1. Of the conditions (1) in contact with a strand residue (DSSP E or B) (Cβ under 9 Å, 6 or more places away or on another chain); (2) on the phi > 0 side of the Ramachandran plot, Leu76 clears all except one; give me its number.
2. So Gly63 passes all but one of these: (1) under 25 Å from Arg161 (Cα atoms); (2) in a strand (DSSP E or B). Which condition number does it fail?
3. Kindly provide the set of residues from segment 128-148 that are within 13 Å of Asp110 (Cβ to Cβ) and β-branched (Val, Ile, Thr), ordered by number.
4. Pull up segment 77-119, narrow it to residues that are surrounded by 16 or more Cβ atoms within 10 Å (Cβ to Cβ) and small (Gly, Ala, Ser), then point me to the one that is modelled with the lowest pLDDT.
5. For residues that are out of contact with any helix residue (DSSP H, G or I) (no Cβ under 8 Å at 6 or more places or on another chain) and of a type outside the set (A, V, I, L, M, F, W, C), scanning just segment 120-134, find the one that is surrounded by the most Cβ atoms within 10 Å (Cβ to Cβ).
6. Taking only segment 139-164 into account, find how many residues are surrounded by fewer than 16 Cβ atoms within 10 Å (Cβ to Cβ), part of a loop (DSSP other than H, G, I, E, B) and in contact (Cβ under 8 Å) with a residue 12 or more places away in the chain.
7. Quick check: anything in segment 73-87 over 23 Å from Phe29 (Cβ atoms), touching a helix residue (DSSP H, G or I) at 6+ places or on another chain (Cβ under 7 Å), not hydroxyl-bearing (Ser, Thr, Tyr) and not in a strand (DSSP E or B)?
8. Name, by its number, the condition in (1) buried (at least 19 other Cβ atoms within 10 Å of the Cβ); (2) modelled with pLDDT under 95; (3) out of contact with any Asp or Glu (no Cβ under 9 Å at 6 or more places or on another chain) that does not hold for His11.
Amino acid sequence: MARTQGGTANHQGRILERTVVPTFEAHGFEVVAYSAWKKKPANYGTELLLKHVPYRTIYNQNGYTEFLIKSELFGLNVRIECKWQQSSGSVDEKLPYLYLNCIESMPETDIIIIAGGGGMKPGAIPWLKEAVAKKKYVSLDMPQKNIRVFSIEEFMTWANRTLR
């Protein structure tokens, strides 16, 4: 059965997510669903990659990001959001919403956005990187966030350097 355009986009996005998991497994991290960890955190170690992590969006709705890194060894508590767009679509149009959620709603100070696929509008990723660099739309009363925007290659380089 042929996939819809949206179904194909979701499938391709999951491939990006499945690229992140082995990166952490190779560094000894345990991969656990956030819901299972939240119920019994004592059942798990201290080097975790949690999946499907909730937060309240700027619209006061339930939102989820793909991952949360929790590491005592490396001192990490980093949320990871994956955005992949291989052909024309709407992922790039959601980047401002994602950025506002990062600065206003996600509780972590450190956030990584992995973006790629080659199908986003030419100005989308540069806009996001500029917004992050200039801390656009951040008010003085908000906690300061360390948001990084990586391609999958940049992310893997960051992971390999950070998780030594």
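The values are calculated or read from the model by the stated rules, or taken from the named source; none is laboratory data. Computed from a predicted model, the values in this text were never measured in an experiment. For neighbour counting, all protein chains shown are included, and Cβ atoms are generated from backbone atoms with ideal geometry for every residue, glycine included.
1. Here Leu76 clears every test but (2).
2. Every condition holds for Gly63 apart from (1).
3. Result: Val132, Ile147.
4. So, considering only residues that are surrounded by 16 or more Cβ atoms within 10 Å (Cβ to Cβ) and small (Gly, Ala, Ser), the one modelled with the lowest pLDDT is Gly89.
5. Among them, the one singled out is Lys129.
6. Summing the residues that are surrounded by fewer than 16 Cβ atoms within 10 Å (Cβ to Cβ), part of a loop (DSSP other than H, G, I, E, B) and in contact (Cβ under 8 Å) with a residue 12 or more places away in the chain in segment 139-164 gives 4.
7. Yes, segment 73-87 has at least one match.
8. His11 satisfies all of (1) buried (at least 19 other Cβ atoms within 10 Å of the Cβ); (2) modelled with pLDDT under 95; (3) out of contact with any Asp or Glu (no Cβ under 9 Å at 6 or more places or on another chain) except (1).
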